Number of protein chains: 2
Amino acid sequence: MRKKIAVLGAGMVGRAIALDLTGAYEVYSFDIDDQALSQLRERNREIRVQQADLREASVLKNLIAPFDLVVSAVPGYMGWQTINTVIRSGKDLVDISFLPEDVLPLDTLAREHGVTVIMDCGVAPGLPNIIAGNYAARGRVKRFEYMVGGLPFIRTKPFEYKAPFSPCDVIEEYTRPARMVENGVIVTKPAMSDTELIDFPQVGTLEAFNSDGLRSLLYTLPDIPDMKEKTLRYPGHIDAIKLLRDAGFFSKEALDVGGRQVIPFDVTSRILFDAWKLGPEEREFTIMRIILEMQEGEGSRRLTWDLFDTYDAVTGISSMARTTGYTCTAAVNMVMQGLFTEKGLFPPEKIALQEEQFSFIMQYLHDRGITLDRYSE
Amino acid sequence: MRKKIAVLGAGMVGRAIALDLTGAYEVYSFDIDDQALSQLRERNREIRVQQADLREASVLKNLIAPFDLVVSAVPGYMGWQTINTVIRSGKDLVDISFLPEDVLPLDTLAREHGVTVIMDCGVAPGLPNIIAGNYAARGRVKRFEYMVGGLPFIRTKPFEYKAPFSPCDVIEEYTRPARMVENGVIVTKPAMSDTELIDFPQVGTLEAFNSDGLRSLLYTLPDIPDMKEKTLRYPGHIDAIKLLRDAGFFSKEALDVGGRQVIPFDVTSRILFDAWKLGPEEREFTIMRIILEMQEGEGSRRLTWDLFDTYDAVTGISSMARTTGYTCTAAVNMVMQGLFTEKGLFPPEKIALQEEQFSFIMQYLHDRGITLDRYSE
């Protein structure tokens, strides 16, 4: 009998995950949105779907009871309660909900319940963590950094951007000061600082800026003295964002507008929701460059991984869903096939310390057309 | 006995007008805002002030009954009703309320009541109209154009702008398609089109773009085949405005924001109100270039007037208030001294056709430190 997997959330990424896992496993998809579920059923009749309000802990607990493993692809704001409920239900979990809270303290709870929880296991956070963790286990990593972006091919002014997730989450990311590691110390730089232009052969010149995406890496790999993340956008995008910020459009303090209290941030999010809406078949790509400097004798060797992935017109699955979803399903398969058996809560940098685990993930992605080109200097 | 003048509105410009007229005339200032009135009283105890809601036609009618002439410096939205009430009360009027409505049809009403009404008599509209009208009366004007801006000396990103009046009026001006005259025909160009950089010796490079400020000139001087107005801002300002427009921040269609209907334009106006607030003693300037091409024999002669005026630190009166207010008071004095006696409604291009009138205005401004440098090619 096939093992059973519950996929929570049937959004863009949740659907890609369910489709990828079905066949090898018996897959159930849960979401509050009936339409998302029927879209999924149309794509593959083997997937069982059920409409459910996953915000209700008791509902969730009952739903997942019969399953061998749970994938959480719920929106970030639902992530924390979902993880807690899944752990307390004694279920293994792979999570890509990108929740804002610090989850590392849940490690103890996960151990107590004897479950395996893998966090933040998408394209970023996710893939760069896996590489950093693996190389840190092999030798001395002197520097680790990556830059990543998901962008539409069709560039439309003024933002030249489409958000695969909610604009308010994007704005939160933009406006949060960026934490990074310099000389072994966590430092904070202003949001959107250190902009630089970088040429990519596949898409031309992009603009990189500091973003606060290292998350668990700030704490889990203390031997790497320099680490940073940058986000990639088309040149000019971030100036437009800074303009809105500087003019006050991201303010969370209520203003009196004709006698009513209005929060600019809420209105701006709503306006950008329309401006940044990614069409269902809109061609987009994911681009990422990961740079790692290894100590070698007295000197060092620089390794670079380049990832470039595009919307799949045949399956209609966005590159964002592909790269995030298949990193997640690679981890799911590692757990299901007994390649990763530890109990506790693990960020991605802790799941592929062994070469067998690392190459499993890279091969898994490669089989789905996602290739990280590695070169060294 | 001195003649009596009522100044409606004690805003920045209204106060400058009252101060300038007092002494030669007995001046009364009316406003709903007690604070603005006491500020004015502190400056000159000779001015009588009275708090009043000028939006009430009956109140207004009673207030102005004892006066020889009325100056309207009320906000634009109150302009139309104010003019109507003043005309029907049989009072002469000089108006700088910059109301949005087309007032030329009120000419008949003004004649019927035997009053003199001078409209739009500020720095722009106002001064350029006076020059165009005077030269069109002397000969054949082949081309008339002007560019004008009021700007702060201290340039702060992202807008490098401070609005001496309400941001919603500024946005309305920016976003309205610009009407101009080309080859004798009124044509409409997109809002903020035809941007060009122009160097000014006093303030460096500014950016000019088409704006919809010709107003009455579109109709009153049909013999000038080419006319246009451009607005001046620091370079980059108008790109920031276009960004907001293109992203949807000026939309007047209500959006659902968390269950409430919110109009982006209203919120944006409110945000910009803070961002664009001109400090009470903030140094600003008015810059204007007026170009007029006269037919001369087979060829033509190009005349240019340059105006550059700055905040007066001694009196604390802004350049905007100076240039607008003193053009207005020049017209008031023309009427009071019998230099302009026609009955009806007149845009500024109709008030200084005679050389005596024209030089009266130029001298009046010059006496107050506002000089238009004229040169010809």
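The values are calculated or read from the model by the stated rules, or taken from the named source; none is laboratory data. None of the values given here were measured: they were computed from a predicted structure. All Cβ positions, glycine included, derive from the backbone under ideal geometry; neighbour counts span all protein chains shown. What goes into the accessible areas is simple: the full protein's heavy atoms, side chains included, and nothing from ligands, DNA or RNA. Shrake-Rupley method; radii C 1.70, N 1.55, O 1.52, S 1.80 Å.
Can you compute the charge dipole magnitude of the stretch B:238-290 about its Cα centre, using +1 on each Lys and Arg Cβ and -1 on each Asp and Glu Cβ, nothing else charged? Give it in debye, rounded to the nearest 20.
120 debye
Which one of B:Thr82, B:Phe249, B:Leu40 has its Cα pushed farthest toward the positive end of the charge dipole of chain B, where Lys and Arg give +1 and Asp and Glu give -1 at the Cβ?
B:Leu40
Determine the dipole magnitude for the stretch B:119-206: charges of +1 sit on the beta-carbon of Lys and Arg, -1 on that of Asp and Glu, nothing else is charged, the reference point is the Cα centre, and the result goes in debye to the nearest 20.
240 debye
Just how far, in whole angstrom, is the stretch B:327-353 from the stretch B:1-41 if you go by their alpha carbon centroids?
Result: 20 Å between the Cα centres.
Can you tell me the equivalent ellipsoid semi-axes for the stretch A:35-101? Use √(5λ) from the Cα gyration tensor, largest first, whole Å.
21, 14, 11
With an 8 Å cut-off on Cα pairs and a minimum separation of 6 or more residues, tell me the relative contact order of the stretch A:254-350 in percent.
Relative contact order, the stretch A:254-350: 18 percent.
Given a Förster distance of 45 angstrom, what is the FRET efficiency for A:Glu342 paired with A:Thr315, based on the Cβ-Cβ distance and rounded to 0.05?
Result of the calculation: an efficiency of 0.85.
Peptides A:268-278, B:21-31, A:54-64, B:121-131: what's the order by average Cβ count within 10 Å, highest mean first?
Descending packing order for the listed peptides: B:121-131, B:21-31, A:268-278, A:54-64.
Using a 1.4 Å probe and counting only protein heavy atoms, arrange A:Met227, B:Met336 so the residue with the most accessible area comes first.
B:Met336, A:Met227
In nm, one decimal, shortest first: how far is the label point of B:Gly299 (7 Å from Cα along Cα to beta carbon) from the matching points in the other copies?
Reported distances to equivalent positions: 7.4 nm.
Can you give the mean number of other chain Cβ atoms that lie within 10 Å of the Cβ atoms in peptide B:244-250?
6
At 7 Å along Cα-to-Cβ for each site, give me the label-to-label distance between B:Glu377 and A:Val185 in nm.
6.0 nm
Only Cα pairs within less than 10 Å get springs; with that Gaussian network setup on chain B, which residue of B:Glu342, B:Glu284, B:Glu207 has the largest fluctuation?
Greatest mean-square fluctuation among the candidates belongs to B:Glu342.
If you count the DSSP beta bridges with both ends in the protein assembly as shown, what percent of them are antiparallel, to the nearest 5?
Restricted to the protein assembly as shown, the bridges split so that about 60 percent are antiparallel.
Would you mind telling me the share, in percent, of accessible area of chain B contributed by carbon and sulfur at probe 1.4 angstrom?
48 percent
For the rotation that superimposes chain B on chain A, which residue of B has the C-beta lying nearest to the axis, and at what distance in Å?
B:Val267, 2
Once you have the Cα-Cα distance between A:Asp223 and A:Arg138, take 0.36 nm times their residue separation minus that, and quote the gain in nm to one decimal.
Result: 29.4 nm gained on full extension.
Got the A:Asp274 label distances to the other copies yet, label 7 Å along Cα→Cβ, in nm, shortest first?
Result for A:Asp274, in nm, nearest copy first: 2.3.
If a helix is a whole DSSP H run, which ones in chain B reach 20 Å or further along their own axis (Cα) and hold a mean Kyte-Doolittle hydropathy of at least -1.0?
TM-like helix candidates: B:319-336.
At 1.4 Å probe size, with every protein chain present, just tell me what the per residue accessible area of the stretch B:194-293 comes to in Å².
Result: 40 Å² of accessible area for each residue.
Per residue of B:153-160, how many C-beta atoms from partner chains lie within 10 Å of its own C-beta, taken as a mean?
Mean inter-chain Cβ contacts per residue within 10 Å come to 2.
Lys/Arg Cβ at +1, Asp/Glu Cβ at -1, dipole of the stretch B:280-377 taken about the Cα centre: which of B:Phe360, B:Thr310, B:Ala331 is farthest positive-ward?
B:Ala331
Taking 7 Å along the Cα-to-C-beta vector as the label spot, tell me the A:Gln81-B:Asp274 distance in nanometres, rounded to one decimal.
3.1 nm
Chains B and A: buried accessible surface, both sides, probe 1.4 Å, rounded to 100 Å²?
That pair of chains buries around 2000 Å² in total.
Please give the average number of partner chain Cβ atoms lying within 10 Å of the Cβ of each residue in A:233-243, rounded to a whole number.
2
Taking one equal scatterer on every alpha-carbon of the protein assembly as shown, how large is log10 of I(q)/I(0) by Debye at q = 0.05, 0.06 1/Å?
Debye output, listed in q order: -0.39, -0.53.
For B:Arg301, B:Arg374, what's the largest-to-smallest order of accessible area, 1.4 Å probe?
B:Arg374, B:Arg301
Counting Lys and Arg as +1 and Asp and Glu as -1, each charge on the Cβ, what is the dipole of the protein assembly as shown about the Cα centre in debye, to the nearest 20?
It works out to roughly 720 debye.
Of all alpha-carbon pairs in the stretch A:288-342, indicate the percentage at a distance above 14 angstrom.
70 percent
Suppose we keep just the alpha-carbon trace of the stretch A:195-304; what are its Rg and Dmax in angstrom?
19.6, 69
Report the one residue of A:Gly122, A:Ala136, A:Met147 whose Cα lies farthest in the direction of the positive end of the charge dipole of the stretch A:122-164 (charges on C-beta: Lys and Arg +1, Asp and Glu -1; origin at the Cα centre).
A:Ala136
Can you give the % of DSSP beta bridges in chain B that are antiparallel, to the nearest 5?
60 percent
For B:Lys61, go 7 angstrom from Cα along the Cα-to-Cβ vector, then report the distances to that same point in the other copies in nm, smallest first.
Sorted ascending, the copy-to-copy spacings read 7.6 nm.
With labels modelled as points extended 7 Å from the Cα through the Cβ direction, what inter-label distance (nm, one decimal) is found for B:Asp107 paired with A:Lys252?
6.0 nm
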